[in-house]
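Here the structure comes first, spelled out in structure tokens, and everything after it is commentary.
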Amino acid sequence: MHILITNNTLADLAGSELYVYDLALELQKKGHRVTCFTLQPGVVSQKLQERGIAVTCDVEAIPEDIDIIHAHHPLEMRLAAARLPLVPLMYVSHGITHPLERPGQSEACVTRYIAVSKDVHRHLVDVDGVSKDLMEIIPNFVDTDRFAPTHPISPKPGRILVVSNHYGLSDMRATIEKACEIAGNLELQVIGATTQSVWNVEDYIDWADVVITLGRGALQAMAMGRAVVIYDYRGG
């Protein structure tokens with residue numbers, strides 16, 4: 001099967017971009033052919049191409065032999081649907097806060113809607129008016145070959161890792177640093193778009209005893225046997 005994955009950007013080490021990377025490699029591992037379409041290439045698209053995944057930024061270059069479209073984000077979804085109007089298309093929504101996760105008026109081109117959580121499912125139904133009959137929940141996942149521990153956590157937590165693209169927003173930074181101080185001046189590292197973007201996030205998780213994050217980051221940390229605190233700039 002030839003699968004097209006669309007995403008608004010494959011430039012940064014962020015949520016949907018890394019989701020596309022993991023998904024494309026797993027589909028490839030299962031014997032499928034994968035092509036990715038984005039209007040903003042970058043670090044992640046380069047990583048995909050290094051692993052043998054085709055990436056295009058030209059809608060006219062999307063192959064005509066696509067069997068199914070796995071779409072994220074409304075603009076790229078509509079471009080792919082216009083290019084391949086007879087190909088089944090599933091729209092995947094990853095969150096309830098970012099406007100790019102909203103499908104908009106897309107009934108004409110969407111075959112199936114996928115929500116990554118119950119909250120997203122509820123939002124698609126109650127806010128976007130998507131029929132429950134056209135939707136299902138497929139939870140987030142982890143590559144447990146990549147996210148596997150090599151060091152045990154300490155009996156008494158001493159190293160704290162924050163994985164967030166929003167560190168410094170709101171009072172998040174002050175809250176975490178104060179908590180580390182109260183707990184005995186725990187060693188703190190922070191990775192993410194506003195601090196330092198890293199590809200080898202698993203190495204940083206393996207260093208930590210406790211990981212403060214959310215979403216797929218929490219699943220990755222749990223897969224590596226770390227204690228997890230669900231917390232970000234919107235709260236915990």
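Listing for the model above:
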read-out	value
Unmet requirement for Thr35, which otherwise passes all of (1) open to solvent by 80 Å² or more (accessible area, probe 1.4 Å); (2) within 28 Å of Gly215 (Cα to Cα)	(1)
Residue ID - modelled with the lowest pLDDT, chosen from residues in the range 104-133 that are farther than 30 Å from Ala223 by Cβ, of a type outside the set (A, V, I, L, M, F, W, C) and in contact with a strand residue (DSSP E or B) (Cβ under 7 Å, 6 or more places away or on another chain)	Ser106
Residue count, the range 195-207 (criterion: of a type in the set (D, E, K, R) and either over 18 Å from the mean Cα position of the chain (by Cα) or surrounded by fewer than 18 Cβ atoms within 10 Å (Cβ to Cβ) (or both))	2
The range 1-31 - residue that is at pLDDT below 90, surrounded by fewer than 19 Cβ atoms within 10 Å (Cβ to Cβ) and among the aliphatic types (A, V, I, L, M) and, of those, farthest from the chain's Cα centre (by Cα)	Ala11
Residue list for the range 74-91, filter: open to solvent by less than 20 Å² (accessible area, probe 1.4 Å) and without any contact (Cβ under 8 Å) to a residue 40 or more places away in the chain	Ala81, Leu89, Tyr91
From Val120, Val125, residue being β-branched (Val, Ile, Thr) and free of Cβ contacts under 8 Å to residues at least 12 places away in the same chain	Val125
Sole exception among (1) out of contact with any Lys or Arg (no Cβ under 8 Å at 6 or more places or on another chain); (2) charged (D, E, K, R); (3) at pLDDT 90 or above; (4) under 30 Å from Asp67 (Cβ atoms) for Glu136, by number	(1)
Filter result for Ser131 (without any contact (Cβ under 8 Å) to a residue 12 or more places away in the chain, more than 23 Å from Thr194 (Cα to Cα) and small (Gly, Ala, Ser))	yes
Long-range neighbours under 7 Å by Cβ, at least six apart or interchain, first residue assigned to a helix (DSSP H, G or I) within the range 200-214, second open to solvent by 20 Å² or more (accessible area, probe 1.4 Å) and not β-branched (Val, Ile, Thr)	Glu202/Arg146; Tyr204/Gln189; Ile205/Gln220; Asp206/Pro149; Asp206/His151; Trp207/Arg159
Restricting the range 39-57 to residues that are at pLDDT 95 or above and buried (at least 20 other Cβ atoms within 10 Å of the Cβ), the residue that is nearest to Phe141 (Cα to Cα)	Leu48
Residue in the range 58-70 that is small (Gly, Ala, Ser), without any contact (Cβ under 8 Å) to a residue 60 or more places away in the chain and open to solvent by less than 10 Å² (accessible area, probe 1.4 Å) present	no
Residue ID - nearest to Gly158 (Cα to Cα), chosen from residues in the range 204-218 that are of a type outside the set (Gly, Ala, Ser) and modelled with pLDDT of 95 or more	Asp209
Flag for Thr35 being in contact with a Cys (Cβ under 8 Å, 6 or more places away or on another chain), farther than 19 Å from Trp199 by Cβ and at pLDDT 95 or above	no
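The values are calculated or read from the model by the stated rules, or taken from the named source; none is laboratory data. Predicted model only: the values in this text are computed from it and were never measured. Note that we place each Cβ from the backbone using ideal geometry, even for glycine, and neighbour counts take in every protein chain shown. Just so you know, the surface numbers come from the protein's heavy atoms only, side chains and all, with ligands and any DNA or RNA stripped out. Shrake-Rupley method; radii C 1.70, N 1.55, O 1.52, S 1.80 Å.
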